[in-house]
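Report on one structure; see the data block that follows.
The values are calculated or read from the model by the stated rules, or taken from the named source; none is laboratory data. As the structure is a prediction and not an experimental result, all values here were calculated from the model. For neighbour counting, all protein chains shown are included, and Cβ atoms are generated from backbone atoms with ideal geometry for every residue, glycine included.
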Amino acid sequence: MSRHIRFAAAALLFVALPGFAQYDYDDDFTKAIAAHYPPLVRLLITKGGHQNVQDAAGDTPLMLAIRSRDREVTDLLMHYEPDLLLLNSQNHSAATEAVLADDADSLPGVLVRSDPLQVAQALGLATKLKKRRVLNRFIELFGAARTDDIGHHFLSKPLDNFELGSRVAYAFSPAQDSPDVCAKPATKLLLQGKICKVEGDTVSVEWQLLSNLDNEDKGCSSQKRLHFARKPDAAWNAKFLGACSAAPAYFSTVPASFNYRQFLVPELR
């Protein structure tokens, strides 16, 4: 039996099970993308799978599809309007993955043009790596002079592009057991948020989302990936997400502010 048939059969089985809405589709999503099998990807979405789920590296299904140059699955995922602001543990966005894959076709759809840091970092990366196809697409989007200026300016003065509201991510592990988020010292956690203050080369962030990327504590939760978003509850936010220039009280290893280079993708550090 081919792997496509096996995956399809497994997905249909879960659909038939009572209470399937509680089933954790995360691993199936990753397998469906790896198998390059659009029908299963569509089935998972329509039966409750969330395409904004992030795997152990923080990669979304869209990032994985772009990285593998799977045009059909990428187009399918884009049809369901993924969250293009999500970043992985390396601060890669879907646009970063499009640059690395030299995927000029995906770039216009996944680039968040309202985020100057994402635009400049993607262009700086394309310039450094000489990704001709995406550079030509950037020229179509911004014009030759602006494309050249943004890319080279980022490589020479990256801090100039760290503007308020731009999205960044920070991966870490807790110093001790953190049962409120099903985490242990070996657990990978990922904070994502928006820049709220820039002073010199120091950046502060208002965290919007905390993700447990590899929950193995089934006694705490049956879900493999857990996500905790900012709430109206100020005390809850202060404990798990902190505030601008204030680290989350629950995690002793998270700084209150960062050197801006922390948020450069590794390919540009």
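Tell me, please, whether a residue that is within 30 Å of Ala126 (Cβ to Cβ), among the small types (Gly, Ala, Ser) and buried (at least 18 other Cβ atoms within 10 Å of the Cβ) can be found in segment 224-242. Looking through segment 224-242, none of the residues is within 30 Å of Ala126 (Cβ to Cβ), among the small types (Gly, Ala, Ser) and buried (at least 18 other Cβ atoms within 10 Å of the Cβ). For segment 30-57, a residue qualifies if it is surrounded by 20 or more Cβ atoms within 10 Å (Cβ to Cβ), among the aliphatic types (A, V, I, L, M) and modelled with pLDDT under 85, and exactly one does: Ala32. Scan segment 214-222 and give yes if some residue there is acidic (Asp, Glu) and in contact (Cβ under 8 Å) with a residue 60 or more places away in the chain, otherwise no. Checked against the condition, which is being acidic (Asp, Glu) and in contact (Cβ under 8 Å) with a residue 60 or more places away in the chain, segment 214-222 yields at least one hit. Applying the criterion of being polar (S, T, N, Q) and farther than 24 Å from Ala246 by Cα to the residues of segment 141-194, the residue that is surrounded by the most Cβ atoms within 10 Å (Cβ to Cβ) is Thr147. As for segment 195-203, it holds at least one residue that is under 21 Å from Pro266 (Cα atoms), surrounded by 20 or more Cβ atoms within 10 Å (Cβ to Cβ) and either outside the structural domain of Val254 (by TED's automatic domain parsing) or not acidic (Asp, Glu) (or both).
Mind telling me which of the residues Ser245, Ser252 ends up being outside the structural domain of Leu117 (by TED's automatic domain parsing), exposed (fewer than 14 other Cβ atoms within 10 Å of the Cβ), touching a residue at least 12 places away in the same chain (Cβ under 8 Å) and hydroxyl-bearing (Ser, Thr, Tyr)? Steps first, answer last, please.
On the way: Ser245 fails: exposed (fewer than 14 other Cβ atoms within 10 Å of the Cβ).
Ser252 is the lone residue from the list that is outside the structural domain of Leu117 (by TED's automatic domain parsing), exposed (fewer than 14 other Cβ atoms within 10 Å of the Cβ), touching a residue at least 12 places away in the same chain (Cβ under 8 Å) and hydroxyl-bearing (Ser, Thr, Tyr).
Within segment 142-173, being of a type in the set (A, V, I, L, M) and within 16 Å of Thr96 (Cα to Cα) holds for Ile150, Leu155, Val168, Ala169. When you scan segment 120-145, how many residues do you find that are closer than 30 Å to Leu213 by Cα and free of Cβ contacts under 8 Å to residues at least 40 places away in the same chain? Residues that pass the stated criteria total 3.
Just to be sure, is Asp148 touching a residue at least 24 places away in the same chain (Cβ under 8 Å) and touching a Ser or Thr at 6+ places or on another chain (Cβ under 9 Å)? No: the conditions fail for Asp148.
When the criteria are applied in full, Trp207 meets the requirement of being under 15 Å from Leu164 (Cα atoms), modelled with pLDDT of 95 or more and not assigned by TED's automatic domain parsing to the domain that holds Lys128. Residue pairs whose Cβ atoms lie under 7 Å apart, separated by 6 or more positions or on different chains, with the first residue in segment 79-105 and within 18 Å of Arg133 (Cβ to Cβ) and the second assigned to a loop (DSSP other than H, G, I, E, B) and of a type in the set (Gly, Ala, Ser), are Ala98/Ser106. Only residues that are assigned to a loop (DSSP other than H, G, I, E, B) and more than 16 Å from Glu206 (Cβ to Cβ) were counted in segment 217-249, giving 9.
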